[in-house]
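Structure record follows, encoded as structure tokens.
The values are calculated or read from the model by the stated rules, or taken from the named source; none is laboratory data. Model, not experiment: these values are computed from the prediction. Note that each Cβ is placed from the backbone with ideal geometry, even for glycine, and that neighbours are counted across all protein chains shown.
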Amino acid sequence: MSKIPTFFEEFRRSYPKVAQSYEQLGDACRSEGPLDARTSELVKLGIALGIGAEGSAHSHVRRALEAGAKPEELEHVALLAITTLGFARAMAGLAWIRDVTRDKSKGRRGISRRRG
């Protein structure tokens, strides 16, 4: 599992009942539907980009990678966001995705362009 941000660890220590309830709600929501973990994390990433939540985007990128998503799939989420969220918001999202994926593989370029 990826490293949990220090701030969230502090929140857990300060408010353990709230943190536990929040995590249980997330578990319940994930288990209620047919989406697998990878797909769920891609959806959650799209939502995070849509609301402009950088920390959430980083978290869902890490979780999606752990669930088997490829960096190209994560970047595709940002590309799909262009026509819904606007270019600037989608590019911010792409940068947040790369914050995590470039840490995992230094120097990696973005998605490959399809030919033909």
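Points worth noting:
- Filtered by the rule that a residue be in contact with an Asp or Glu (Cβ under 7 Å, 6 or more places away or on another chain) and not in a loop (DSSP other than H, G, I, E, B), region 63-84 gives 63, 64.
- Considering residues of region 7-61 that are basic (Lys, Arg) and in contact with a Ser or Thr (Cβ under 8 Å, 6 or more places away or on another chain) only, the residue nearest to residue 87 (Cα to Cα): 44
- Contact map, region 73-92: first residue at pLDDT below 95, second residue of a type in the set (S, T, N, Q), Cβ cut-off under 9 Å, separation 6 or more or different chains; the map is empty.
- Cross-chain or 6+ apart pairs with Cβ under 7 Å, region 9-26 first and free of Cβ contacts under 8 Å to residues at least 24 places away in the same chain and surrounded by 10 or more Cβ atoms within 10 Å (Cβ to Cβ), then part of a helix (DSSP H, G or I) and charged (D, E, K, R): 19/12
- Filter result for residue 57 (more than 24 Å from residue 88 (Cβ to Cβ) and aliphatic (A, V, I, L, M)): no
- Flag if residue 66 is assigned by TED's automatic domain parsing to the domain that holds residue 81 and loosely packed, with under 15 Cβ neighbours inside 10 Å: yes
- Residue tally, condition crowded, with 21+ Cβ neighbours inside 10 Å and under 12 Å from residue 46 (Cβ atoms), over region 70-95: 5
- Residue under evaluation residue 47, criteria (1) closer than 16 Å to residue 60 by Cβ; (2) β-branched (Val, Ile, Thr); (3) at pLDDT below 95, criterion not met: (3)
- Filtered residue count, region 1-21, keeping only those that are touching a helix residue (DSSP H, G or I) at 6+ places or on another chain (Cβ under 9 Å) and assigned to a helix (DSSP H, G or I): 8
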